[in-house]
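Presented below is the structure to which this report refers.
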């Protein structure tokens, strides 16, 4: 009788122990299911006549990211000039009319024939190395839609924070800020176009591993 009572007691103890451990196992698997992996950013290498610049495209601005990737795949940027450079502020490129531009020709109005809806992300700022879409001013463009191809890179070490919330920032420089500085420092005319042409030789996507 004592052996039977001991057996029943042990059986109950084991049953309670197993029941108590079950929720821990379920909780762990639940945590694993809710874990979200961040999509890696697409990187591109801008090969210029003054050196290479590697940038990352933000996933928070998918319209701008996908448009940029499409233009890169179409070789749209091959041969365009940095047509506007302001040391301590920014460098700008992406005007297809600059490919055949004569010396001194005014540039900055060309594009692929469309604009992109604004994707202004409050948490993205005009820090040094920020890559943002150029656009027409508010008077002509109250929705702040971006140029379909023109973009600029912030050169100022202190950023260009007066532009925050007004232009779509869709990427950042990962490598080559010294090249940005070099381009920005070149002699230029009254329209901020470099006196000696600075070309985008090509832009290539960095293959994801």
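The numbered conditions (1) without any contact (Cβ under 8 Å) to a residue 40 or more places away in the chain; (2) touching a helix residue (DSSP H, G or I) at 6+ places or on another chain (Cβ under 8 Å); (3) not in a loop (DSSP other than H, G, I, E, B) are all true for residue 83 except (1). The set of residues from region 121-146 being surrounded by fewer than 20 Cβ atoms within 10 Å (Cβ to Cβ) and within 23 Å of residue 46 (Cβ to Cβ) comprises 121, 125, 127, 128. Scanning region 60-76 for any residue that is touching a helix residue (DSSP H, G or I) at 6+ places or on another chain (Cβ under 7 Å), more than 12 Å from residue 202 (Cα to Cα), at pLDDT 95 or above and not in a loop (DSSP other than H, G, I, E, B) turns up nothing. If you go through region 177-209 and pick out every residue that is part of a loop (DSSP other than H, G, I, E, B) and either surrounded by 13 or more Cβ atoms within 10 Å (Cβ to Cβ) or within 22 Å of the chain's Cα centre (by Cα) (or both), you end up with 10. Listed by position, the strands (runs of 3 or more DSSP E) contained in region 90-168 that have at least 1 residues being under 15 Å from the mean Cα position of the chain (by Cα) and at pLDDT 95 or above are 130-133, 151-154.
Answer with yes or no whether residue 187 is closer than 21 Å to residue 80 by Cβ and without any contact (Cβ under 8 Å) to a residue 40 or more places away in the chain. Judged against the criteria, residue 187 is a match.
The values are calculated or read from the model by the stated rules, or taken from the named source; none is laboratory data. Since we're looking at a predicted model, the values are computed, not measured. A quick note on method: Cβ atoms are made from the backbone with ideal geometry, for glycine too, and the neighbour counts reach across all protein chains shown.
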